[in-house]
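One structure is given below, encoded as structure tokens.
Derivation of every value follows stated rules applied to the coordinates shown; laboratory data play no part. All values derive from a computational prediction rather than experimental measurement. Virtual Cβ from ideal backbone geometry, glycine too; neighbours counted across all protein chains shown.
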Amino acid sequence: ETIEEWMGHSSPSLMDSKSDASNIHKTISAKIRTNQKEWRLLSSSKAKRDAEQQLCMITPVANMKRQREESINGLVILKATYASNVSLDVTQQLQFWVENSRLYLPPSSKKGLMGFYDLSGRDNHTPDQLIMSKVNRGKTDSNLSSLSDRLTCTMNTWLSRLGVGGEDAPHQGNYNQKDNRSSDNDDSGESVILTVRYKYKERVFELSIRDDDVLELPSSDATILGPSDRV
């Protein structure tokens, strides 16, 4: 059920009563929250399928590079995991990026690399941010490309008619600031770790970094696990 359909089912007396605006806001927020969960599930599933397809494409190249590196005692990725609340095997993905026994990934999130995807599977907007957001001022339904955009436009329209909320509400400035701080804290608190076990010059090493850290292998920061014939 869309927000537009729900609005169509609502009684005129409910929509005309400002005293019920708070209840309407809570109900709408709950419905947006439900829609967001469904949207995140669909987006996460699509991202995972895309990553699997990309992995199929790069695996032949990764295998060739692995064989070459093995033959010269170079850089061989033995095991790599990209993990948060779920874990993704990225062994082949990292081997694909090895060039001349070196691997370098810049200091930014790895979720955009081929064969990776965003493990959080979430939209960074909260329901209240969707309602109060000003980002779509002046847009029409025909050019609102995302679900969040459409919901924001619809909610601002209806809340403005009720005389509460909407994108011009007096209390909105502080409300947005609070949500933005909360969103920033959530982002900074999310722990995504890339752990790599690799072989180089007949020795095995292991290194763990945060998602937005630089990855450079071989690394002097890696832990030496021992000779490759014993580990």
Cβ under 9 Å from residue 195's Cβ, residue 195 left aside: what net charge do those residues give with Lys, Arg +1 and Asp, Glu -1? +1
By its C-alpha gyration tensor, with a ≥ b ≥ c as the square roots of the eigenvalues, how is the range 41-95 shaped: rounded for a/c under 1.5, else prolate for a/b larger than b/c, else oblate? oblate
Points 7 angstrom from Cα along the Cβ direction at residue 87 and residue 56: gap in nanometres? 2.6
